[in-house]
Amino acid sequence: MADARYPKNWKEMSLDMRLMFGYHISMMVMMVAGGSLTVRQELVIAATIGVLIVLVSRYYRRKKHWRWPGIKPFDVLYAAGTVVAISFFLYSATPLFPLNNGHVLPWYLAGLGIGVWGVFQSLNVVSAGKADFASKCMLIDQYGRELEPVHKPSPVESDEPTWKRVTKVLYMAAFILVWLCGVASFYFFGTAFTNGSPEPTVSQTEALENHGKTVYVTPTEKQRVHILQVVSGVGFPAVLIPGAILHFLVGVKLFLNTPTLAEYLNRDKNKASS
């Protein structure tokens, strides 16, 4: 069953989600025009867009009588994890792509937008799906009084067999580990390449190449980069292929709003019988 929190098309997206897409499109336009804009101008434009998004979203919330549903301890944990993950990801690019470069700063701003969205979504401040947003809005009766919305029952996660829940946790842990190795390899490669010597030295004897440019780094740096690249290069296929098998064939719901093979076949049967 599809999760109302994760829309599958533009029509099902909330205003928050559409505004986020607008922000990212703006960042991509700035990235293309990076040569004609200064860093300060890009920061001012991004901040202005951010303020406009907040004002529009705030007006829409008041109009729809939106109420914050509160958070649970796990929501705070997810928000903290999002902050750590996006910070680690963006910081890993700084050795090769400094923040004071007008061509790449919009990329960082786009990544920052993803991080802010992830934190706010974890804290139930924004909703990706229109239906999920509506469930947090109050209803007004004919006398102008606010009523609690009627919440439709949602699929109960605890109804899943224990082995499926354990499989999800183990798969997510394996994916995060491989992802961390991939991001770390990018960071250490960038650090070693930036600090490399254009000519071999007594300590920097190993060649490291990037887009046709070669520098020389220490054997320790070269070995560290090589190990991380191998782990991530082999690890991603080793995680994604079994993940696809677990989801589509075994029926462990790893990818939200993507039907398993059994769900797809049942949906076709229901369409044929109706």
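The values are calculated or read from the model by the stated rules, or taken from the named source; none is laboratory data. Note that the structure is predicted; figures quoted are calculated from it, not measured. Note that each Cβ is placed from the backbone with ideal geometry, even for glycine, and that neighbours are counted across all protein chains shown.
A few remarks follow.
- Qualifying residue in segment 36-44 (condition: out of contact with any Ser or Thr (no Cβ under 7 Å at 6 or more places or on another chain), loosely packed, with under 13 Cβ neighbours inside 10 Å and outside any helix (DSSP H, G or I)): yes
- Contacts under 7 angstrom Cβ, first residue in segment 24-38 being of a type in the set (Ser, Thr, Tyr), partner in a helix (DSSP H, G or I) and surrounded by 11 or more Cβ atoms within 10 Å (Cβ to Cβ), 6 or more apart: Ser26/Ile49
- Scanning segment 162-216 for residues that are over 31 Å from the mean Cα position of the chain (by Cα), crowded, with 18+ Cβ neighbours inside 10 Å and of a type in the set (Ser, Thr, Tyr) gives a single hit, Tyr216.
- Note on segment 217-262: residues that are within 21 Å of the chain's Cα centre (by Cα) and of a type in the set (Ser, Thr, Tyr) total 2.
- Cβ-Cβ contacts under 7 Å between residues 6 or more apart (or on different chains), taken from a first residue in segment 244-273 that is surrounded by 11 or more Cβ atoms within 10 Å (Cβ to Cβ) to a second residue that is at pLDDT 80 or above and among the charged types (D, E, K, R), are listed as His247/Lys253; Val252/Lys164; Val252/Lys168; Leu254/Lys168; Thr260/Lys253.
- Helices (runs of 4 or more DSSP H) contained entirely in segment 52-147, each with at least 3 residues that are without any contact (Cβ under 8 Å) to a residue 24 or more places away in the chain and surrounded by fewer than 17 Cβ atoms within 10 Å (Cβ to Cβ): 73-92
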